[in-house]
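Notes follow the structure.
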Amino acid sequence: SCCYLSRRLNQLSSHDPLWKRHCKKYWLISEEEKSQRNQTWKAIFISTYSDLGRYIHYYATLKKAWDDLEKYLGQRCPRMIGSLKESVREEDLDAVEAQIGCKLPDDYRCSFRIHNGQKLVVPGLMGSMALSNHYRSEDLLDIDTAAGGFQQRPGLKQCLPLTFCIHTGLSQYMALESVEGRNKYEIFYQCPDQMARNPSAIDMFITGTSYLEWFTSYVNKVVTGGYPIIRDQIFRYVHDKECVATTGDITVSVSTSFLPELSSVHPPHYFFTYRIRIEMSKDALPEKACQLDSRYWRITNAKGDVEEVQGPGVVGEFPIISPGRVYEYTSCTTFSTTSGYMEGYYTFHCLYYKDKFFNVTIPRFHMVCPTFKVSTARMVSGDAVVLILDFFFNDEPNHNEYAVDEDEDSTDTDEYEDRRRVLDIPAPSGRCPRHT
């Protein structure tokens, strides 16, 4: 606009180094790419703006997230890179909006101008989770598949699926309008209210307030090593760096994860899985080799109720730990409260001195249910009761002022009952039985 005011401003606004800064800031154009295009910085900026101008406030952030993710996975999960789809055109996104009758947020559209999600393959880009008889791996849906799953049924009105797991039918949804107690562009896992008379009563486990926040925070967790890479898959275990305990030459660390597909708000049943790593220092003497005999757990829920569990081995095994060796296993627990913590110890015996036993500390680790919202369509005694309740929980184990308050003890287990999966309606059933 300035260039039309005077000759001097016209000369100044055409000064190419000024456009170089904007090209790098908004479009992440490198010197190498400029050389390949054989254009001035101003020409590059204008041509890019004509195509992506509506996304100028999102593009650099999302492009960097995608670039960082591709670089990280290219070194650790190269086959996952092959599942990513090429970008879509503006007219393709416009066609989807016409098809579903709702506007897509610009940050969502911008991401699909970079990559159109991924093919429906395993492993999924949005992370995996595995227990003995339960497996989840979420794909980031391409725009056409997402549009095909757009919901208009009660409980999920005007919600667009972002992810999908072919094993469980689980999806994360984005609300495209502020209806049924949801905020516009909120991202969540659905959770059917099993105590409501209205089958459309859907509670929500919130995973993001916008697509930009949801996607970039996930990518940051991946590329900073916050989520472990196991067998070429991203596993969504969260590790607290302070959750480590060392006893002699043995170190125990714990990572945890919440499983929304096996949880419910009504009735209150919150399912967590934890992954434990037991490692002996490589500098330990050979005669320090030992074998795990038993475990002891002290489990405390948000009300302060305590349960103690003791049993032989772990997941049916009695691992031998020697210098430099690492043993890892996964187990799970449930709470009737939104948070709780576990701590305990393992009992080992020495292989060289079989009558020598000792305990190894398991550090205290907290498990906290993510923010959730209660359905607006709950039916009590035949009358509709509108409950638009936001629950925000911190890491304090005694934070228990909420509307779900049923007596059910937590249970430590190494196995749990198989649950039938119905597409888009994960149905948790009861509690995991105690492993004996």
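The values are calculated or read from the model by the stated rules, or taken from the named source; none is laboratory data. Since this is a predicted model, take the numbers as computed values, not measurements. We place every Cβ from the backbone using ideal geometry, glycine too, and count neighbours over all the protein chains shown. The protein model used for the area step is the full one, side chains on, heavy atoms only, and it has no ligands, DNA or RNA in it. Shrake-Rupley method; radii C 1.70, N 1.55, O 1.52, S 1.80 Å.
Where only protein heavy atoms count, and the probe is 1.4 Å, what is the accessible area per residue for the chain in Å²?
46
What FRET efficiency would be calculated for the residue pair Phe318, Lys157, taking the C-beta separation as r and a Förster radius of 56 Å, to the nearest 0.05? Don't jump to the answer; show the numbers that get you there.
Working: r = 53 Å, r/R0 = 0.94.
Efficiency at R0 = 56 Å is approximately 0.60.
If each residue of separation counts as 0.36 nm, what is the full-extension length gain between Glu328 and Met195 once their alpha-carbon separation is subtracted? Could the numbers behind the result be given before it?
Values: separation 133, 0.36 × 133 = 47.88 nm, distance 3.77 nm.
Full extension from Glu328 to Met195 adds 44.1 nm.
In a GNM of the chain with a 10 Å cut-off on Cα contacts, which of Pro260, Pro370, Pro286 has the highest mean-square fluctuation?
Judging by the Gaussian network model, the answer is Pro286.
With springs connecting C-alpha atoms under 10 Å apart, model the chain as a Gaussian network and identify which of Ser13, Ser171, Ser294 has the largest mean-square fluctuation.
The residue with the greatest mean-square fluctuation here is Ser13.
Under a plain spin-label model, where a point goes 7 Å from the Cα along Cα-to-Cβ, how far apart in nm are Thr209 and Val122?
Here the modelled spin labels are 3.6 nm apart.
Does anything in the stretch 56-90 have its amide N under 12 Å from the 7 Å Cα→Cβ label point of Asp232, and if so which residues?
76-83
Answer with a single label: of (i) 1.32; (ii) 1.06; (iii) 1.16, which was calculated as Cα Rg over 2.2 N^0.38 Å from the structure in view?
Structure-derived value, by its label: (iii).
How many percent of all Cα-Cα pairs in the stretch 234-390 sit more than 28 Å apart?
33
Putting +1 on Lys and Arg Cβ atoms and -1 on Asp and Glu Cβ atoms, find which of Leu292, Ala130, Tyr185 reaches farthest to the positive end of the dipole of the chain.
It is Tyr185, whose Cα lies furthest towards the positive end.
Can you give the helix-only mean residue ellipticity at 222 nm for the chain, where every DSSP H stretch with n ≥ 4 adds -39500 (n - 2.57) and the sum goes over all residues, rounded to the nearest 500 deg cm²/dmol?
Value at 222 nm, helices only: -6500 deg cm²/dmol.
Given a 1.4 Å probe and every protein chain left where it sits, what share in percent of the accessible area of the chain is carbon and sulfur?
The computed percentage sits at 49.
What do you get for trypsin sites (Lys or Arg not before Pro) in the stretch 1-94 restricted to DSSP loop and a cutoff of at most 16 other Cβ within 10 Å of the site's Cβ? Display every interim value, and only then the final one.
Working: sites: Arg7, Arg8, Lys20, Arg21, Lys24, Lys25, Lys34, Arg37, Lys42, Arg54, Lys63, Lys64, Lys71, Arg76, Arg79, Lys85, Arg89; in loops: Lys85, Arg89.
Within the stretch 1-94, the qualifying trypsin sites (Lys or Arg not before Pro) (loop, at most 16 other Cβ atoms within 10 Å) are Lys85, Arg89.
Can you compute the FRET efficiency between Asp68 and Glu91 using 1/(1 + (r/R0)^6), with r the Cβ-Cβ distance and R0 = 25 Å? Round to the nearest 0.05. Don't skip to the answer; put the middle values down first.
Working: r = 29 Å, r/R0 = 1.15.
Plugging the Cβ-Cβ distance into 1/(1 + (r/R0)^6) gives 0.30.
Calculate, in nm to one decimal, what Val306 and Val179 gain on full extension: separation in residues at 0.36 nm each, minus their alpha carbon distance.
41.7 nm
R0 = 60 Å: FRET efficiency of Arg54 with Thr361, Cβ-based, nearest 0.05? Could you put the intermediate results ahead of the total?
Values: r = 55 Å, r/R0 = 0.92.
After rounding to 0.05, the efficiency reads 0.60.
Over its Cα atoms, what ratio of radius of gyration to 2.2 N^0.38 Å does the stretch 7-55 give?
Taking N as the residue count of the stretch 7-55, the ratio is 1.14.
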